[in-house]
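The structure appears below as structure tokens.
The values are calculated or read from the model by the stated rules, or taken from the named source; none is laboratory data. Every value quoted in this text rests on a predicted model; they were computed, and no experiment measured them. Cβ placement follows ideal geometry from the backbone for every residue including glycine, while neighbour counts extend to all protein chains displayed.
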């Protein structure tokens, strides 16, 4: 059953990103490349750390979370949609994410790697959380809703109740929930529908 949940969660996460890719190619979404590049990189590192910690099949879900965003970044360049923001906020968030990964490389400890990967992924997500609130029309809302379902399946795929197994998956559920809430939260008239740079 755990294997089934892991495979289902991986497929759902990948399909969610394919929906975003389709929206980019149709000109309906404009991703923040800083976030999506790091969303590709960080889960792949976290997945490698989970493999070293012997987490098992649930690692497949984490690895799938990194594969999809890589396609989103590629599609944004193909369609020339999306911006690699050069604002201070994006620079700081990106630097924090990369710093967390650099610290992991120094320590080499799987548990520390997972904690730092969570911090790195959170820093990477902040530019898109900000953009999703300021310019919800530039995002594909269904992608995040489908992805949230995939993260839930990822939690259900865990066999051993250890920190290494649960930590990153639980974080992914929390971050997915935050993005869904931000995108589906009723807006007042003062919220901008689009944003030119993010």
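Tabulated data for the structure shown
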quantity: Any chance residue 116 is part of a helix (DSSP H, G or I) and at pLDDT below 75; calculated: no
quantity: Of residues in segment 137-165 being in a loop (DSSP other than H, G, I, E, B) and either in contact with a helix residue (DSSP H, G or I) (Cβ under 6 Å, 6 or more places away or on another chain) or without any contact (Cβ under 8 Å) to a residue 40 or more places away in the chain (or both), the one nearest to residue 111 (Cα to Cα); calculated: 161
quantity: Count of residues meeting criterion [touching a strand residue (DSSP E or B) at 6+ places or on another chain (Cβ under 9 Å) and in a helix (DSSP H, G or I)] in segment 1-32; calculated: 0
quantity: Filter result for residue 127 (surrounded by 17 or more Cβ atoms within 10 Å (Cβ to Cβ) and touching a strand residue (DSSP E or B) at 6+ places or on another chain (Cβ under 6 Å)); calculated: yes
quantity: Output for segment 80-91, where each listed residue is modelled with pLDDT of 75 or more and in contact with a helix residue (DSSP H, G or I) (Cβ under 8 Å, 6 or more places away or on another chain); calculated: 89
quantity: Selected residue [surrounded by fewer than 24 Cβ atoms within 10 Å (Cβ to Cβ) and modelled with pLDDT of 85 or more] from 18, 51; calculated: 18
